[in-house]
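Heads up, the thing below is written out as structure tokens.
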Amino acid sequence: MLKRVALWGPLLIAALLVGGYVYLHDPFARDGTELLQVPLSDEDPALDRVGALKYHGGLDIPRMGQNIGGLSGLRWDADSGRLLAITDDARWVWITPAEQGDRLTGISAIEVGDLLGLNGEILTGKEQGDSESLTRSVDGGWLIGFERDHRVWRYPDLDGRPELTGIDPEELLGPLGENSGLEALASSQDGVIGCAEQVDDQAVGTCFSLTAEQLAETFPIGATSATGGTGALPTDADMSADGTLFVLWRSYSPTDGNAAMIHIKAPGQQPTEAMVLRPPLSVDNFEGLAVREEGERAFVYIVSDDNLSGGQRTLLMKFEVVARSARP
């Protein structure tokens, strides 16, 4: 009997470890197409305001039969009325939101495809395929930032081969950690802004601006207030037509869990803290932000990266900037 215990003890531990790994890394953790409505607060389902933003509904998105997950960068495409996301395994995801009035109620269509490399082959593996950020280029293509092999490529067509851009994140910001690269890209008629999660030389700053004339400068950007002391890092950014910069931050601690924050910085002004999400509000590992403008109104979508695991969720949430102090 003692021999059996000695044998089954290690086997039981190994089985538990394997089971835990499969749970956390199961690529089909919540398969199916059943979307779950997400309140801003489970404790107060009627709550619809946080900071300077009004909540217009959210969704917990399953795999949708297409292994949806790992969503990082996010953009609103006004021409098609869709959201474009990229994943950290080199795929693009078009999401057509279903809305009743201003409220996000579902998804009417979803389309997924693979990002290609310079040779026309599908990008595979983390070294080449860890796409983390995207923005629309002035000429109508898509700029996509990758980490590990830190680079920015331009895709004239998401189905086709990319083009080199000459944008070298490490040349602009200094050495970047393997998993701490270019998480945010935002563009305007004046040029491109990019932010990394981390740089080795913090004196350099974590963001760069690159004008259309290829004039570059770096600048620091730091989280403040509620998430500033918990290791907050920028995970996405977008820019409105008037040059107002929206920056998404996220942080995590074993005791407090996930937190997310949005900064809004108008041209020539200091950034204001528009929103902080932390428990008991609905929050996860938010890594994508998109600004949608409708006349004088500005909406913000955020999406979380579940890391293709069973322990996190893909949340898509919609807000509107309503406080005048947060937006000129």
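Observations, loosely collected:
- Theoretical FRET efficiency, 1/(1+(r/R0)^6), r = Cβ-Cβ of Glu217 and Glu293, R0 25 Å, to 0.05: 0.40
- In terms of its C-alpha gyration tensor, the stretch 32-84 comes out oblate, because a/c is 1.5 or above while a/b does not outweigh b/c.
- The loop-placed GluC sites (Glu not before Pro) in the stretch 76-142, going by DSSP, that have at most 15 neighbouring Cβ atoms within 10 Å of their Cβ come out as Glu121.
- Ordering of 169-179, 285-295 by burial proxy (mean other Cβ atoms within 10 Å per residue, highest first): 285-295, 169-179
- Protection proxy ranking of 211-217, 148-154, 31-37 - average other beta-carbon atoms within 10 Å, highest first: 148-154, 31-37, 211-217
- Separation of the stretch 250-311 from the stretch 76-113 is 17 Å, based on Cα centroids.
- Virtual paramagnetic centre 7 Å along Cα→Cβ of Asn307, amide N under 16 Å, in the stretch 68-111: 69-72, 88-89
Any read-out appearing in this document is the output of simple, stated calculations on the displayed coordinates, not a laboratory observation. Everything numeric here is computed off the predicted structure, so don't read it as measured data. When we count neighbours, we look across all protein chains shown, and the Cβ atoms used for this are built from the backbone with ideal geometry, even at glycine.
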